[in-house]
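Here the structure comes first, spelled out in structure tokens, and everything after it is commentary.
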Amino acid sequence: MKKLLAILSVVLFANQASADQLKFEIGDIFSCVTAGNGEKEDHPLGKGSLCCSISSIIFEKLSKELIPTHYINMVGANKMICKTVSIVPLEVICRNRAAGSIVRETTLVEGAPLPQPIVEFFLKDDSKHDPLLTPDRVRLMGYNPDPFVEMTLRINDYLRQMFYILGIDLVDFKVEYGYDAHGDLYLADEISPDSMRLWKIGSDERFDKDLFRNDEGDIVPAYREILDRLQPLAIQ
Ligand code: 5GP
């Protein structure tokens, strides 16, 4: 296999079987967790397979909701087969409550519910510190922001309800998109507690990467708790 690209814990390998598929390997050797633009890094054992399993369940549930995703299937504990897409260099973030950067950069207080979910765009470029973009800047970069907003809100509607049933408040999340060779849009990358804020309803417990960012606890048992809660849904 020819190594194509490495982005944080996700490594893409060309798939020998089909020119239309790529193999995502998300495993223990790729299981680093980073924060502060890569200034802080760790490699917790087991994280790669937890993120892979959680992403896989979420992708499958979203596919059933007719959201096009690049996910094809999971092979082994920590490998996914995904459709080839050209990744859009945007981090698309949806927020239901104020947390993280919106608290640091506005007058909103942590935990404040937003009157309605909002979708924001950030440039996917660590060397520029992933700045917040306006929709006009997204257009100037050559992308129509409207389909990203529409699909992200649909994803939020489904995931927010799904997590609520599991006793978890979906505070916010980040997604990435890609286009296939025909110009069709797909949800891409991964969706895991690395890219979401997941708060236990009615308590201060957190099940996401903020535990690592803020030195508040071990992410592996927290991510396992999310997988345990999701697993009954996987067979439905
Ligand atoms: P914030 O803008 O508050 O930093 O992040 C909002 C949401 O997007 C959080 O759930 C956070 O985990 C996720 N997020 C933001 N940037 C990144 C990123 O570069 N990688 C990942 N995996 N998630 C991100």
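Points to keep in mind about this one:
- Region 124-148, residues that are more than 18 Å from residue 173 (Cβ to Cβ) and surrounded by 11 or more Cβ atoms within 10 Å (Cβ to Cβ): 125, 126, 134, 135, 137, 138, 139, 141, 143, 144, 146
- Scope region 79-100; condition among the aliphatic types (A, V, I, L, M), away from the ligand (no atom under 15 Å from the Cβ) and crowded, with 18+ Cβ neighbours inside 10 Å; matching residues: 80, 85
- For residue 103: the one exception among (1) part of a helix (DSSP H, G or I); (2) more than 10 Å from the ligand (Cβ to nearest atom): (2)
- Within region 204-221, being without any contact (Cβ under 8 Å) to a residue 40 or more places away in the chain and either crowded, with 20+ Cβ neighbours inside 10 Å or assigned to a loop (DSSP other than H, G, I, E, B) (or both) holds for 204, 205, 206, 207, 208, 211, 214, 215, 216, 217.
- Identity of the residue in region 171-203, among the aliphatic types (A, V, I, L, M) and loosely packed, with under 15 Cβ neighbours inside 10 Å, that ends up nearest to the ligand (Cβ to nearest atom): 201
- Residue count, region 69-100 (criterion: of a type in the set (Val, Ile, Thr) and part of a strand (DSSP E or B)): 6
- When the residues of region 106-117 are filtered to those that are touching a residue at least 12 places away in the same chain (Cβ under 8 Å) and away from the ligand (no atom under 11 Å from the Cβ), the one that is surrounded by the fewest Cβ atoms within 10 Å (Cβ to Cβ) is 113.
- Selection from region 105-136 of residues that are over 22 Å from residue 37 (Cα atoms) and out of contact with any helix residue (DSSP H, G or I) (no Cβ under 8 Å at 6 or more places or on another chain): 107, 111, 112, 113, 114, 115, 116, 118, 136
- Of all residues in region 87-123, those that are of a type in the set (Lys, Arg) and within 21 Å of residue 159 (Cβ to Cβ) total 2.
- For region 89-104, the set of residues classified as farther than 22 Å from residue 37 by Cβ and not charged (D, E, K, R) consists of 96 only.
- In the condition set (1) modelled with pLDDT under 95; (2) surrounded by 15 or more Cβ atoms within 10 Å (Cβ to Cβ), residue 225 is compliant with all but (1).
- Residue count, region 118-142 (criterion: among the basic types (Lys, Arg) and within 13 Å of the ligand (Cβ to nearest atom)): 2
- If you check 66, 45, 62 for being away from the ligand (no atom under 14 Å from the Cβ) and either surrounded by 14 or more Cβ atoms within 10 Å (Cβ to Cβ) or assigned to a helix (DSSP H, G or I) (or both), only one passes: 62.
The values are calculated or read from the model by the stated rules, or taken from the named source; none is laboratory data. Remember, predicted model here, so these are calculated numbers, not experimental data. Using ideal geometry, Cβ is built from the backbone for each residue, glycine included, and neighbour counts are taken over all protein chains shown.
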